[in-house]
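Structure first, then comments.
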Amino acid sequence: MNNFEDFLMDSFEEVEEIEREITMGGKKRKMKFKPIGATLGDEIRKKCRKITFVKGQKMIETDQDKFIANQIIETTTYPDLKNAEFQQVWGVMGAEELLKAMKSKMRDGDYMEWGNIASEINGYDKGMQELIEEAKN
């Protein structure tokens, strides 16, 4: 029996914004996030790839730091890192430069928490250690 009604466009739910509190720059701050779609996720991954050829073999590497930064930028809705006025206050141009400026004022763990939340909201619930343990079993 071919029942594809569960896969009709109308059956896909619109994802709501998610509010989380993050410690950043020594203070707890409320932030808002929204998951990105798979198409945008593909675009981000392609943007973060480096293709080289070694002895005729195509090697594809992903810059994980760049991927996490872009995922943070696209997932974080408040504050809006793409907002020109917000960038101007920090004295930078562009979302990536704003994130870099903010990162310079944060503890490393704060930035990692931000990245982890962005990953979790986008469906990457399992940490690397969990995936390694699953692969071993």
How many residues are exposed (fewer than 15 other Cβ atoms within 10 Å of the Cβ), within 19 Å of Lys105 (Cα to Cα) and among the small types (Gly, Ala, Ser) if we restrict to segment 81-95? 2
Unique match (being out of contact with any strand residue (DSSP E or B) (no Cβ under 7 Å at 6 or more places or on another chain) and either within 29 Å of Met106 (Cα to Cα) or surrounded by 10 or more Cβ atoms within 10 Å (Cβ to Cβ) (or both)) among Thr23, Thr62: Thr23
Spans of helices (runs of 4 or more DSSP H) in segment 1-119 with at least 3 residues of a type in the set (Gly, Ala, Ser): 95-104
Any hit, segment 69-82, residues being of a type in the set (Phe, Trp, Tyr) and touching a residue at least 40 places away in the same chain (Cβ under 8 Å): yes
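Bear in mind these aren't lab numbers, they're just calculated from the coordinates by the rules spelled out. Because the structure is a prediction, the values reported are computed rather than measured. Don't worry about glycine lacking a Cβ; one is built from the backbone with ideal geometry, like all the others, and counts go over all protein chains shown.
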